[in-house]
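We did not get these values from a lab; they are worked out from the coordinates using the rules stated. Since we're looking at a predicted model, the values are computed, not measured. Cβ coordinates were reconstructed from backbone atoms using ideal geometry, including for glycine residues, and neighbour counts include every protein chain displayed.
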Amino acid sequence: MEEDLRQWTRARMAEMGCNDPLRWEPLPVEASHRHFFRVAPGAPKDGSGITSLVVMQSPPDLENNDQFLLLASVFAAHGVGVPRVIAQEPEAGWFLLSDLGSTHLADVYRTRGSNAVLPRVLETLTRIQQINDPAVPAYTPRRFREELEIFSRWFVENLLDLPFPESRLAGCFEKLVENTQSQPQCCVHRDFHCRNLMLTSNGDIGVVDFQDALMGPAAYDLASLLRDCYHRFTEVDVTRWRETYLTLTTLPIDRDRFAEQLDLTAVQRQLKAVGIFARLHLRDQKSSHLVHIIPVLSQLRDLCDAYSEMQELATFLDHISPGAARRVEALRCAP
């Protein structure tokens, strides 16, 4: 942590009545240029009761900090548990935030199971979907196509060094894009998964990494949640929580088609994720997500196999998966 950021943080905390921090703890981040630190102040000078805060260092030339601030306000106004912005220095990209804690949904799944938390998560999802604000741009078909190109370019061509059979898979990819447009459009978080959702100390659901929200397909965030890249639910659980969501939502969803819409949305999202994991390694020198590529490919293969329109993609995944497993393992073992 840079010394000038430490000094800025100390000054902001002093203004809040807190003593100098006793602990500066770096926090893990996902695919981002941002850095986070948990700071624990000494005993508060005025009994404020603040036990910890989070410092976000977000380079203004690489991250859209204005959108972060705008959506933090919009989401909070709709009852979504995003961090509160306590202090900011936008030109430097410094932000002091309230602390949502360190318990991610991934931790809850491992220790207590999904029953302990998903009903509240689905309620949070419905709040997000009720947001209709000009601050949230449209998730366009062009953007969905560009995301699919991340898979073809960064994973197939660059990581695996294979030609991508564009003419063979164009129909599958266009079907995935058409699926996103066939659904009711609403506000989507776009990364609504177990590493961006928190269980706070008072039992509320905290939401982070929301700054890229767009107006997109109703199934998108549910697909992120139930077809998570970092946790695999059983098909029984997917069906159960999908049906629970349908009892909560007020969107005009075609219930007869929703299971297929959910799965095809998940296919599009997982293809993008595999491409991003490869790009993180190749472009950004971040190898932390290589371990997730093969499990996500396995999920993808199973989802595609269930739909006749995705058979060409399923066959392609069958073709590349053995080599992909060898390539990823070699990269993970490389010094």
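Details
- Kirkwood hydrodynamic radius over Cα pairs of segment 3-98, then Stokes diffusion coefficient at 20 °C and 1.002 mPa s, in µm²/s: 153 µm²/s
- Calculated FRET efficiency for the pair Glu329/His78, C-beta based, R₀ 51 Å, to 0.05: 0.70
- Among Pro134, Val207, Pro119 - extreme Cα towards positive end, dipole of the chain, charges at beta-carbon: Pro119
- Charge context of Leu100, other residues only, Cβ under 11 angstrom, K/R +1, D/E -1: 0
- Dipole of the chain [Lys/Arg +1, Asp/Glu -1 at C-beta], most positive-end residue of Thr234, Pro28, Leu264: Thr234
- Within segment 105-333: Cβ-based charge dipole about Cα centre, in debye rounded to nearest 20 (Lys, Arg +1; Asp, Glu -1): 520 debye
- Annotation: amide H of Ala87 within the under-5 Å range of Leu96, sequence separation 5 or more or interchain, hydrogens built in the peptide plane.
- Of the GluC sites (Glu not before Pro) found in segment 52-123, the ones in coil according to DSSP and having at most 16 other Cβ atoms within 10 Å of their Cβ are Glu91.
- Between the listed residues Ala106, Val188, Ile293, the Cα displaced farthest toward the positive end of the dipole of the chain, a dipole computed from Cβ unit charges relative to the Cα centre, is found at Ala106.
- For segment 101-164, size of Cβ-based charge dipole, Lys and Arg +1, Asp and Glu -1, in debye: 280 debye
- For the chain, calculated [θ]222 nm from helices alone, where every DSSP H run of n ≥ 4 adds -39500 (n - 2.57): -14500 deg cm²/dmol
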